[in-house]
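The values are calculated or read from the model by the stated rules, or taken from the named source; none is laboratory data. For clarity, every value in this text was computed on a predicted model and none was experimentally measured. When we count neighbours, we look across all protein chains shown, and the Cβ atoms used for this are built from the backbone with ideal geometry, even at glycine. Just so you know, the surface numbers come from the protein's heavy atoms only, side chains and all, with ligands and any DNA or RNA stripped out. Shrake-Rupley method; radii C 1.70, N 1.55, O 1.52, S 1.80 Å.
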Amino acid sequence: MKGFLLLVLLVAEASSQFNPHFKAKHHTIVQLFEWRYEDIEHECRTFLGPNRFGGVQLSPVNEVRTSKSPTWTDRYEPVSYKLTSRSGNETALRTMIAACNEAGVRVYVEVVLNHMARASEGPSTHGTAGSIVNPAARDYPDAPYVASDFNDPCRITNVNDPHELRNCWKEDRPDLNQGLVRVRQRIVDFLNRLLTLGVAGFIVDSALYMWPHDLRAIYSRLQNLTTTAGFPPGARPFICQDLSYHQPGAVPDISWSDYADLGVIAQDRFAIDIGDVLLRRKPFHYFVHLGTRLGYVPREKALVYVNNPLLLREPDADGDLLVVSMRNQRAYRIALAFLLAHRYGMARVASSYEFSNLSEGPPLDAQGQIMQVRLDETGQCRRPWICEHRWPTVQKMVHFRRAAHGTAVANWVDNGQNQIAFCRDRVGFVAFNAEISLTLKANLHTCLKAGSYCDLISAPPDRVSENGVCTGTTVLVDAKGRSDIFINTQLEQPFIAVLASG
(Lines give C-alpha, C1' and ligand atoms only; values in the text may rest on other atoms or scores of the structure.)
Protein backbone atom coordinates (compact mmCIF):
# COMPACT_ATOMS: atom_id res chain seq x y z
CA MET A 1 0.00 0.00 0.00
CA LYS A 2 2.85 2.40 0.82
CA GLY A 3 4.44 1.68 -2.55
CA PHE A 4 1.15 2.31 -4.33
CA LEU A 5 0.66 5.59 -2.47
CA LEU A 6 4.19 6.70 -3.37
CA LEU A 7 3.54 5.89 -7.04
CA VAL A 8 0.31 7.92 -7.00
CA LEU A 9 2.11 10.87 -5.44
CA LEU A 10 4.93 10.70 -7.98
CA VAL A 11 2.48 10.56 -10.91
CA ALA A 12 0.52 13.49 -9.49
CA GLU A 13 3.68 15.56 -9.04
CA ALA A 14 4.92 14.69 -12.55
CA SER A 15 1.66 15.83 -14.15
CA SER A 16 1.09 18.94 -12.05
CA GLN A 17 3.12 21.19 -14.35
CA PHE A 18 0.36 20.72 -16.96
CA ASN A 19 -2.25 22.27 -14.64
CA PRO A 20 -2.82 26.00 -15.35
CA HIS A 21 -4.61 26.30 -11.99
CA PHE A 22 -7.63 28.04 -13.50
CA LYS A 23 -10.33 28.92 -11.01
CA ALA A 24 -13.50 26.84 -11.34
CA LYS A 25 -15.37 27.57 -14.59
CA HIS A 26 -12.63 29.89 -15.84
CA HIS A 27 -10.98 29.19 -19.20
CA THR A 28 -8.63 30.62 -21.84
CA ILE A 29 -5.38 32.59 -21.48
CA VAL A 30 -5.05 36.14 -22.80
CA GLN A 31 -1.61 37.39 -23.86
CA LEU A 32 -1.62 41.08 -22.96
CA PHE A 33 1.47 41.81 -24.99
CA GLU A 34 3.43 44.87 -23.79
CA TRP A 35 0.67 46.18 -21.52
CA ARG A 36 1.49 48.33 -18.49
CA TYR A 37 0.99 46.61 -15.14
CA GLU A 38 -1.58 49.22 -14.09
CA ASP A 39 -3.65 48.44 -17.17
CA ILE A 40 -3.40 44.68 -16.62
CA GLU A 41 -4.55 45.11 -13.04
CA HIS A 42 -7.56 47.13 -14.19
CA GLU A 43 -8.34 44.61 -16.94
CA CYS A 44 -8.30 41.70 -14.50
CA ARG A 45 -10.69 43.46 -12.14
CA THR A 46 -13.11 44.88 -14.69
CA PHE A 47 -13.16 42.47 -17.64
CA LEU A 48 -11.11 39.28 -17.45
CA GLY A 49 -12.33 38.28 -14.00
CA PRO A 50 -16.02 39.11 -14.52
CA ASN A 51 -15.96 37.26 -17.86
CA ARG A 52 -14.18 34.31 -16.27
CA PHE A 53 -11.07 34.20 -18.40
CA GLY A 54 -8.58 31.71 -16.98
CA GLY A 55 -5.33 33.62 -16.99
CA VAL A 56 -3.16 36.34 -18.39
CA GLN A 57 0.29 35.96 -19.97
CA LEU A 58 2.74 38.77 -19.21
CA SER A 59 5.58 39.90 -21.42
CA PRO A 60 8.99 39.29 -19.76
CA VAL A 61 9.04 41.19 -16.45
CA ASN A 62 12.76 41.40 -15.77
CA GLU A 63 15.17 44.12 -16.83
CA VAL A 64 15.84 44.20 -20.55
CA ARG A 65 17.91 46.40 -22.79
CA THR A 66 16.82 49.84 -23.91
CA SER A 67 17.45 51.34 -27.33
CA LYS A 68 17.06 54.73 -28.99
CA SER A 69 14.30 53.35 -31.20
CA PRO A 70 12.50 50.77 -29.03
CA THR A 71 11.63 47.50 -30.75
CA TRP A 72 9.37 44.69 -29.65
CA THR A 73 12.35 42.30 -29.58
CA ASP A 74 14.05 44.42 -26.89
CA ARG A 75 11.66 42.71 -24.50
CA TYR A 76 13.49 39.43 -25.16
CA GLU A 77 16.97 40.82 -24.47
CA PRO A 78 17.60 40.29 -20.72
CA VAL A 79 20.11 42.51 -18.93
CA SER A 80 19.49 41.30 -15.37
CA TYR A 81 16.83 39.65 -13.25
CA LYS A 82 15.77 42.91 -11.60
CA LEU A 83 11.98 43.22 -11.75
CA THR A 84 11.82 46.54 -13.55
CA SER A 85 10.61 46.35 -17.14
CA ARG A 86 9.07 48.90 -19.45
CA SER A 87 5.65 47.79 -18.12
CA GLY A 88 6.47 49.01 -14.61
CA ASN A 89 8.49 48.36 -11.46
CA GLU A 90 8.35 45.55 -8.91
CA THR A 91 5.78 47.29 -6.73
CA ALA A 92 3.37 47.68 -9.65
CA LEU A 93 4.03 44.07 -10.69
CA ARG A 94 3.30 42.78 -7.20
CA THR A 95 0.09 44.82 -6.94
CA MET A 96 -1.09 43.63 -10.34
CA ILE A 97 -0.47 39.94 -9.59
CA ALA A 98 -2.40 40.20 -6.33
CA ALA A 99 -5.31 41.98 -8.05
CA CYS A 100 -5.53 39.40 -10.84
CA ASN A 101 -5.47 36.48 -8.40
CA GLU A 102 -8.19 38.18 -6.36
CA ALA A 103 -10.26 38.53 -9.54
CA GLY A 104 -9.84 34.82 -10.30
CA VAL A 105 -7.37 35.37 -13.14
CA ARG A 106 -4.08 33.46 -12.96
CA VAL A 107 -0.83 35.11 -14.00
CA TYR A 108 1.84 33.46 -16.18
CA VAL A 109 5.14 35.17 -16.88
CA GLU A 110 6.95 34.70 -20.16
CA VAL A 111 10.60 34.10 -19.27
CA VAL A 112 13.79 34.22 -21.35
CA LEU A 113 16.27 31.69 -19.95
CA ASN A 114 18.26 30.79 -23.06
CA HIS A 115 20.30 33.92 -23.60
CA MET A 116 21.10 37.48 -22.54
CA ALA A 117 20.98 40.79 -24.41
CA ARG A 118 23.09 41.41 -27.48
CA ALA A 119 24.89 44.69 -28.02
CA SER A 120 22.75 47.62 -29.10
CA GLU A 121 24.00 51.12 -29.85
CA GLY A 122 27.60 51.69 -28.73
CA PRO A 123 30.05 49.55 -26.68
CA SER A 124 27.72 49.26 -23.68
CA THR A 125 24.06 48.42 -23.33
CA HIS A 126 21.71 50.00 -20.80
CA GLY A 127 18.79 48.29 -19.11
CA THR A 128 15.31 49.34 -18.01
CA ALA A 129 16.43 49.30 -14.35
CA GLY A 130 19.58 51.33 -14.98
CA SER A 131 22.06 48.48 -15.33
CA ILE A 132 24.98 48.83 -17.75
CA VAL A 133 26.31 45.68 -19.41
CA ASN A 134 28.93 44.77 -21.99
CA PRO A 135 27.48 42.02 -24.23
CA ALA A 136 30.65 41.89 -26.37
CA ALA A 137 32.60 40.79 -23.28
CA ARG A 138 29.61 38.75 -22.02
CA ASP A 139 29.65 40.79 -18.84
CA TYR A 140 26.30 41.25 -17.07
CA PRO A 141 27.27 42.38 -13.55
CA ASP A 142 23.73 42.70 -12.16
CA ALA A 143 22.68 39.17 -13.11
CA PRO A 144 25.51 38.40 -12.40
CA TYR A 145 26.99 36.59 -15.41
CA VAL A 146 30.52 36.62 -16.81
CA ALA A 147 32.01 35.14 -19.98
CA SER A 148 32.53 31.69 -18.44
CA ASP A 149 28.77 31.38 -17.83
CA PHE A 150 28.08 31.27 -21.58
CA ASN A 151 28.63 28.78 -24.36
CA ASP A 152 31.41 29.72 -26.76
CA PRO A 153 30.24 31.77 -29.75
CA CYS A 154 29.12 29.65 -32.69
CA ARG A 155 26.47 29.88 -35.39
CA ILE A 156 23.65 27.41 -36.00
CA THR A 157 24.32 26.07 -39.49
CA ASN A 158 22.65 22.67 -39.16
CA VAL A 159 19.34 22.94 -37.34
CA ASN A 160 19.06 19.15 -37.21
CA ASP A 161 22.18 18.92 -35.06
CA PRO A 162 20.85 19.07 -31.48
CA HIS A 163 24.27 20.13 -30.20
CA GLU A 164 24.37 23.15 -32.49
CA LEU A 165 20.75 24.05 -31.77
CA ARG A 166 21.18 23.90 -27.99
CA ASN A 167 24.78 25.11 -27.60
CA CYS A 168 25.22 27.74 -30.30
CA TRP A 169 23.90 31.30 -30.18
CA LYS A 170 20.39 32.20 -31.26
CA GLU A 171 21.25 34.88 -33.80
CA ASP A 172 23.87 36.99 -31.98
CA ARG A 173 22.54 36.70 -28.43
CA PRO A 174 25.07 35.34 -25.89
CA ASP A 175 23.94 31.80 -25.10
CA LEU A 176 23.81 30.82 -21.42
CA ASN A 177 25.16 27.43 -20.41
CA GLN A 178 22.31 25.99 -18.34
CA GLY A 179 24.45 22.93 -17.64
CA LEU A 180 26.44 24.97 -15.11
CA VAL A 181 25.17 24.74 -11.54
CA ARG A 182 25.75 28.44 -10.88
CA VAL A 183 23.74 29.44 -13.99
CA ARG A 184 20.88 27.16 -13.00
CA GLN A 185 20.91 28.61 -9.50
CA ARG A 186 20.49 32.19 -10.73
CA ILE A 187 17.65 31.15 -13.00
CA VAL A 188 15.96 29.20 -10.21
CA ASP A 189 16.31 32.13 -7.81
CA PHE A 190 14.68 34.42 -10.38
CA LEU A 191 11.76 32.07 -11.02
CA ASN A 192 11.22 31.35 -7.33
CA ARG A 193 11.11 35.06 -6.62
CA LEU A 194 8.25 35.39 -9.10
CA LEU A 195 6.46 32.42 -7.53
CA THR A 196 6.70 34.16 -4.18
CA LEU A 197 4.87 37.12 -5.73
CA GLY A 198 1.96 34.83 -6.63
CA VAL A 199 2.37 33.87 -10.28
CA ALA A 200 0.87 30.54 -11.35
CA GLY A 201 3.63 29.53 -13.75
CA PHE A 202 5.81 30.33 -16.72
CA ILE A 203 5.83 30.44 -20.52
CA VAL A 204 9.41 29.50 -21.41
CA ASP A 205 10.67 31.35 -24.49
CA SER A 206 13.12 29.61 -26.86
CA ALA A 207 12.81 26.27 -25.04
CA LEU A 208 13.79 24.45 -28.25
CA TYR A 209 17.26 25.99 -27.92
CA MET A 210 17.86 24.46 -24.47
CA TRP A 211 18.64 20.87 -23.47
CA PRO A 212 15.60 19.08 -21.99
CA HIS A 213 17.71 17.66 -19.15
CA ASP A 214 18.87 21.17 -18.20
CA LEU A 215 15.29 22.41 -18.15
CA ARG A 216 14.26 19.42 -16.04
CA ALA A 217 16.97 20.27 -13.53
CA ILE A 218 15.69 23.86 -13.31
CA TYR A 219 12.00 22.96 -13.06
CA SER A 220 12.64 20.37 -10.34
CA ARG A 221 14.06 23.06 -8.05
CA LEU A 222 11.15 25.44 -8.32
CA GLN A 223 9.21 26.01 -5.14
CA ASN A 224 5.50 25.32 -4.80
CA LEU A 225 2.92 27.98 -5.60
CA THR A 226 2.29 30.32 -2.70
CA THR A 227 -0.80 29.58 -0.62
CA THR A 228 -1.12 33.29 0.19
CA ALA A 229 -2.24 33.80 -3.44
CA GLY A 230 -5.02 31.25 -3.03
CA PHE A 231 -3.24 28.17 -4.38
CA PRO A 232 -3.71 24.88 -2.51
CA PRO A 233 -0.78 23.50 -0.49
CA GLY A 234 1.72 21.58 -2.62
CA ALA A 235 0.57 23.03 -5.96
CA ARG A 236 3.35 23.03 -8.53
CA PRO A 237 4.03 25.79 -11.11
CA PHE A 238 2.43 25.52 -14.53
CA ILE A 239 5.09 25.16 -17.25
CA CYS A 240 4.59 25.91 -20.94
CA GLN A 241 7.51 25.59 -23.34
CA ASP A 242 7.68 27.47 -26.64
CA LEU A 243 9.20 25.10 -29.20
CA SER A 244 8.71 27.35 -32.21
CA TYR A 245 11.56 27.91 -34.66
CA HIS A 246 11.66 31.05 -36.79
CA GLN A 247 15.13 31.22 -38.32
CA PRO A 248 15.58 31.03 -42.11
CA GLY A 249 16.16 27.56 -43.50
CA ALA A 250 14.86 24.11 -42.68
CA VAL A 251 12.63 23.35 -39.72
CA PRO A 252 14.61 21.44 -37.04
CA ASP A 253 14.03 17.70 -36.93
CA ILE A 254 13.83 17.85 -33.15
CA SER A 255 10.84 16.05 -31.68
CA TRP A 256 8.50 17.83 -29.30
CA SER A 257 8.36 14.51 -27.45
CA ASP A 258 11.79 15.32 -25.97
CA TYR A 259 10.01 17.99 -23.90
CA ALA A 260 6.58 16.36 -23.55
CA ASP A 261 6.94 15.23 -19.94
CA LEU A 262 8.31 18.59 -18.77
CA GLY A 263 5.24 20.75 -19.40
CA VAL A 264 2.69 21.99 -21.91
CA ILE A 265 4.04 22.63 -25.40
CA ALA A 266 3.42 25.68 -27.61
CA GLN A 267 4.09 25.37 -31.32
CA ASP A 268 3.03 27.39 -34.37
CA ARG A 269 1.51 24.41 -36.20
CA PHE A 270 -2.15 25.29 -35.62
CA ALA A 271 -1.61 29.00 -36.35
CA ILE A 272 0.02 28.19 -39.70
CA ASP A 273 -2.59 25.58 -40.60
CA ILE A 274 -5.59 27.79 -39.81
CA GLY A 275 -3.90 30.49 -41.89
CA ASP A 276 -3.63 28.05 -44.79
CA VAL A 277 -7.33 27.22 -44.47
CA LEU A 278 -8.64 30.77 -44.26
CA LEU A 279 -6.11 32.61 -46.43
CA ARG A 280 -4.95 30.03 -48.99
CA ARG A 281 -8.13 27.97 -49.46
CA LYS A 282 -6.88 24.78 -47.85
CA PRO A 283 -10.06 22.78 -47.04
CA PHE A 284 -11.39 23.18 -43.50
CA HIS A 285 -11.98 19.44 -43.72
CA TYR A 286 -8.27 19.15 -42.85
CA PHE A 287 -9.15 19.74 -39.20
CA VAL A 288 -11.64 16.86 -38.96
CA HIS A 289 -8.95 14.88 -37.10
CA LEU A 290 -7.35 17.80 -35.24
CA GLY A 291 -4.99 16.20 -32.74
CA THR A 292 -2.48 13.37 -32.70
CA ARG A 293 -3.89 11.81 -35.90
CA LEU A 294 -2.51 14.88 -37.71
CA GLY A 295 0.79 14.66 -35.86
CA TYR A 296 -0.17 17.37 -33.37
CA VAL A 297 0.85 17.38 -29.72
CA PRO A 298 -1.72 15.52 -27.56
CA ARG A 299 -4.46 17.99 -26.64
CA GLU A 300 -3.81 17.74 -22.89
CA LYS A 301 -0.23 18.88 -23.50
CA ALA A 302 -0.83 21.63 -26.06
CA LEU A 303 -1.17 25.41 -25.88
CA VAL A 304 -2.89 26.52 -29.07
CA TYR A 305 -3.36 29.96 -30.63
CA VAL A 306 -4.30 31.72 -33.88
CA ASN A 307 -1.24 33.98 -33.90
CA ASN A 308 1.39 35.47 -31.60
CA PRO A 309 3.55 38.62 -31.60
CA LEU A 310 6.35 36.99 -33.58
CA LEU A 311 4.13 35.38 -36.23
CA LEU A 312 2.32 38.68 -36.74
CA ARG A 313 5.68 40.17 -37.73
CA GLU A 314 6.88 37.41 -40.02
CA PRO A 315 7.24 38.61 -43.62
CA ASP A 316 4.39 37.48 -45.87
CA ALA A 317 5.13 34.29 -47.76
CA ASP A 318 5.21 34.73 -51.55
CA GLY A 319 3.07 37.84 -51.26
CA ASP A 320 0.41 35.98 -49.24
CA LEU A 321 -0.46 36.58 -45.61
CA LEU A 322 1.28 34.09 -43.35
CA VAL A 323 -1.14 34.07 -40.41
CA VAL A 324 -4.64 35.33 -39.72
CA SER A 325 -4.57 38.86 -38.30
CA MET A 326 -6.24 42.28 -38.40
CA ARG A 327 -5.37 42.45 -42.09
CA ASN A 328 -8.33 40.11 -42.67
CA GLN A 329 -10.79 40.62 -39.82
CA ARG A 330 -13.40 38.20 -41.19
CA ALA A 331 -10.88 35.36 -41.30
CA TYR A 332 -9.55 36.42 -37.89
CA ARG A 333 -12.98 36.11 -36.26
CA ILE A 334 -13.59 32.73 -37.89
CA ALA A 335 -10.23 31.45 -36.66
CA LEU A 336 -10.75 32.65 -33.08
CA ALA A 337 -14.27 31.21 -32.97
CA PHE A 338 -13.08 27.83 -34.26
CA LEU A 339 -10.17 27.79 -31.80
CA LEU A 340 -12.56 28.37 -28.89
CA ALA A 341 -15.31 26.07 -30.18
CA HIS A 342 -13.02 23.05 -30.52
CA ARG A 343 -11.75 21.03 -27.59
CA TYR A 344 -8.14 20.77 -28.78
CA GLY A 345 -5.50 22.18 -26.45
CA MET A 346 -5.43 25.04 -24.00
CA ALA A 347 -6.56 28.17 -25.84
CA ARG A 348 -4.66 31.46 -25.83
CA VAL A 349 -5.86 34.70 -27.41
CA ALA A 350 -3.29 37.35 -28.34
CA SER A 351 -4.15 40.95 -27.53
CA SER A 352 -2.08 43.05 -29.90
CA TYR A 353 -1.43 46.60 -31.08
CA GLU A 354 -1.04 48.27 -34.46
CA PHE A 355 2.44 48.66 -35.94
CA SER A 356 3.72 50.20 -39.14
CA ASN A 357 6.99 48.27 -39.42
CA LEU A 358 7.98 44.76 -38.37
CA SER A 359 10.37 45.83 -35.58
CA GLU A 360 8.17 48.53 -34.00
CA GLY A 361 7.83 48.44 -30.24
CA PRO A 362 4.71 49.16 -28.16
CA PRO A 363 2.72 52.40 -28.50
CA LEU A 364 4.50 55.18 -26.59
CA ASP A 365 3.25 58.44 -25.11
CA ALA A 366 4.95 61.85 -25.30
CA GLN A 367 7.27 60.88 -22.42
CA GLY A 368 8.45 57.71 -24.19
CA GLN A 369 6.49 55.42 -21.85
CA ILE A 370 4.07 52.67 -22.90
CA MET A 371 0.78 54.30 -23.76
CA GLN A 372 -2.20 53.73 -21.47
CA VAL A 373 -4.90 51.38 -22.77
CA ARG A 374 -8.11 53.37 -23.16
CA LEU A 375 -11.62 52.21 -24.03
CA ASP A 376 -14.31 53.73 -26.23
CA GLU A 377 -18.00 54.02 -25.35
CA THR A 378 -18.64 50.42 -26.52
CA GLY A 379 -15.97 48.94 -24.26
CA GLN A 380 -13.51 48.30 -27.10
CA CYS A 381 -9.91 49.51 -26.98
CA ARG A 382 -8.97 52.71 -28.71
CA ARG A 383 -6.29 52.44 -31.36
CA PRO A 384 -3.42 51.73 -31.54
CA TRP A 385 -4.38 49.02 -29.04
CA ILE A 386 -6.47 46.27 -30.67
CA CYS A 387 -7.50 44.08 -27.69
CA GLU A 388 -8.93 41.08 -29.53
CA HIS A 389 -9.92 39.49 -26.22
CA ARG A 390 -12.57 42.23 -25.80
CA TRP A 391 -14.23 41.49 -29.13
CA PRO A 392 -17.82 40.29 -28.51
CA THR A 393 -17.10 37.19 -30.62
CA VAL A 394 -14.26 36.16 -28.34
CA GLN A 395 -16.20 36.94 -25.18
CA LYS A 396 -19.13 34.79 -26.38
CA MET A 397 -16.94 31.91 -27.55
CA VAL A 398 -15.03 31.84 -24.26
CA HIS A 399 -18.45 31.41 -22.65
CA PHE A 400 -19.16 28.57 -25.13
CA ARG A 401 -15.81 26.95 -24.30
CA ARG A 402 -16.55 27.07 -20.57
CA ALA A 403 -19.98 25.50 -21.05
CA ALA A 404 -18.63 22.76 -23.33
CA HIS A 405 -15.53 21.98 -21.22
CA GLY A 406 -14.95 18.26 -20.86
CA THR A 407 -17.14 17.28 -23.80
CA ALA A 408 -16.05 15.62 -27.03
CA VAL A 409 -16.25 16.91 -30.60
CA ALA A 410 -18.98 14.84 -32.25
CA ASN A 411 -20.91 14.55 -35.51
CA TRP A 412 -18.45 16.59 -37.61
CA VAL A 413 -19.84 17.31 -41.07
CA ASP A 414 -18.42 19.40 -43.92
CA ASN A 415 -18.86 19.99 -47.62
CA GLY A 416 -15.32 18.84 -48.39
CA GLN A 417 -14.19 22.45 -48.45
CA ASN A 418 -14.81 25.32 -46.04
CA GLN A 419 -18.25 24.73 -44.61
CA ILE A 420 -18.21 22.72 -41.39
CA ALA A 421 -20.36 21.95 -38.36
CA PHE A 422 -19.94 19.86 -35.25
CA CYS A 423 -21.41 19.19 -31.83
CA ARG A 424 -19.82 19.31 -28.40
CA ASP A 425 -21.65 16.21 -27.22
CA ARG A 426 -25.18 17.31 -26.28
CA VAL A 427 -24.02 20.61 -24.82
CA GLY A 428 -23.37 22.78 -27.85
CA PHE A 429 -23.41 23.06 -31.63
CA VAL A 430 -21.44 25.25 -34.05
CA ALA A 431 -21.49 25.78 -37.82
CA PHE A 432 -19.01 27.77 -39.93
CA ASN A 433 -19.20 29.05 -43.49
CA ALA A 434 -15.69 30.09 -44.52
CA GLU A 435 -16.46 29.91 -48.23
CA ILE A 436 -15.95 33.01 -50.36
CA SER A 437 -19.20 32.87 -52.33
CA LEU A 438 -21.13 29.74 -51.35
CA THR A 439 -24.00 30.11 -48.86
CA LEU A 440 -24.36 27.37 -46.24
CA LYS A 441 -27.91 26.03 -46.44
CA ALA A 442 -28.35 22.57 -44.97
CA ASN A 443 -30.37 20.44 -42.58
CA LEU A 444 -27.86 19.40 -39.93
CA HIS A 445 -27.85 17.25 -36.82
CA THR A 446 -27.23 19.45 -33.77
CA CYS A 447 -27.07 16.78 -31.03
CA LEU A 448 -29.52 18.97 -29.05
CA LYS A 449 -32.98 18.17 -27.75
CA ALA A 450 -35.98 19.47 -29.64
CA GLY A 451 -36.63 23.12 -28.93
CA SER A 452 -35.84 26.73 -29.77
CA TYR A 453 -32.28 27.95 -29.19
CA CYS A 454 -30.62 31.34 -29.46
CA ASP A 455 -27.45 31.85 -31.48
CA LEU A 456 -24.76 33.44 -29.30
CA ILE A 457 -22.97 35.15 -32.17
CA SER A 458 -25.82 37.19 -33.65
CA ALA A 459 -27.11 38.30 -30.24
CA PRO A 460 -25.93 41.59 -28.69
CA PRO A 461 -23.09 41.29 -26.14
CA ASP A 462 -24.27 40.12 -22.69
CA ARG A 463 -27.86 39.94 -23.95
CA VAL A 464 -28.50 36.61 -25.69
CA SER A 465 -32.11 36.70 -24.54
CA GLU A 466 -34.34 39.37 -23.07
CA ASN A 467 -37.44 38.47 -21.05
CA GLY A 468 -37.12 34.97 -22.44
CA VAL A 469 -37.04 36.18 -26.05
CA CYS A 470 -33.99 35.49 -28.24
CA THR A 471 -32.27 38.72 -29.29
CA GLY A 472 -30.30 37.05 -32.10
CA THR A 473 -31.00 34.36 -34.66
CA THR A 474 -33.31 31.59 -33.44
CA VAL A 475 -32.26 28.01 -34.18
CA LEU A 476 -35.19 25.56 -34.24
CA VAL A 477 -34.32 21.93 -33.51
CA ASP A 478 -36.82 19.18 -34.39
CA ALA A 479 -37.56 15.93 -32.57
CA LYS A 480 -34.69 14.21 -34.40
CA GLY A 481 -32.21 16.84 -33.23
CA ARG A 482 -31.93 18.39 -36.68
CA SER A 483 -32.15 22.02 -37.75
CA ASP A 484 -32.20 24.00 -40.99
CA ILE A 485 -29.00 26.08 -40.90
CA PHE A 486 -28.56 29.09 -43.15
CA ILE A 487 -25.34 31.17 -43.09
CA ASN A 488 -24.72 33.79 -45.76
CA THR A 489 -21.11 33.95 -46.89
CA GLN A 490 -21.14 37.77 -46.94
CA LEU A 491 -21.39 38.01 -43.16
CA GLU A 492 -18.40 39.35 -41.22
CA GLN A 493 -19.08 36.59 -38.69
CA PRO A 494 -20.26 33.69 -40.86
CA PHE A 495 -20.83 31.18 -38.05
CA ILE A 496 -23.31 30.30 -35.33
CA ALA A 497 -22.84 28.88 -31.84
CA VAL A 498 -25.65 27.37 -29.78
CA LEU A 499 -25.65 26.05 -26.22
CA ALA A 500 -28.17 23.68 -24.67
CA SER A 501 -28.54 26.10 -21.76
CA GLY A 502 -27.08 29.43 -20.60
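Here are the numbers for the structure shown:
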| quantity | calculated |
| --- | --- |
| Charge dipole of the range 71-213 about the Cα centre (unit charges at C-beta), most positive-ward option of 95, 181, 154 | 95 |
| Rounded accessible area per residue of the chain, 1.4 Å, Å² | 41 Å² |
| Ordering of 344-351, 172-179, 327-334 by burial proxy (mean other Cβ atoms within 10 Å per residue, highest first) | 344-351, 172-179, 327-334 |
| Compactness relative to 2.2 N^0.38 Å, alpha carbon Rg of the chain | 1.00 |
| Portion, in percent, of the accessible area of the range 277-336 that falls on carbon or sulfur, probe 1.4 Å | 48 percent |
| Accessible area, probe 1.4 Å, largest first, for residues 82, 449 | 449, 82 |
| Inter-centroid distance (Cα atoms) of the range 211-244 relative to the range 159-173, Å | 25 Å |
| Accessible-area composition of the range 97-159, carbon plus sulfur, in percent [1.4 Å probe] | 50 percent |
| When the convex hull of its Cα atoms is projected in every direction, mean area for the range 356-502 (nm²) | 12.0 nm² |
| C-alpha long axis of helix 329-341 to longest principal axis of the chain, angle in ° | 90 degrees |
| C-alpha center-to-center spacing [the range 12-75, the range 388-424] in angstrom | 24 Å |
| With DNA, RNA and ligands ignored, accessible area of residue 69 (1.4 Å probe; Å², nearest 10) | 80 Å² |
| Accessible-area ranking of 301, 68, largest first, probe 1.4 Å | 68, 301 |
| Acute angle (nearest 10 degrees) that the helix 269-279 long axis makes with the longest principal axis of the chain, alpha-carbon atoms | 50 degrees |
| Size of electric dipole in the chain: Cβ of Lys, Arg +1 and of Asp, Glu -1, about Cα centre, debye, nearest 20 | 1440 debye |
| Degrees, to the nearest 10: 2-15 long Cα axis against longest axis of the chain | 90 degrees |
| Aspartates and glutamates whose Cα lies under 13 Å from that of residue 68, excluding same-chain neighbours fewer than 8 positions away | 121, 360 |
| Peptides 481-494, 362-375, 410-423, 204-217 ordered by average Cβ neighbours within 10 Å, highest first | 204-217, 410-423, 481-494, 362-375 |
| Order of exposure, largest accessible area first, which applies to 67, 359, 437 with probe 1.4 Å | 437, 359, 67 |
| Solvent-accessible area of residue 289 with every protein chain in place, 1.4 Å probe, in Å² to the nearest 10 | 80 Å² |
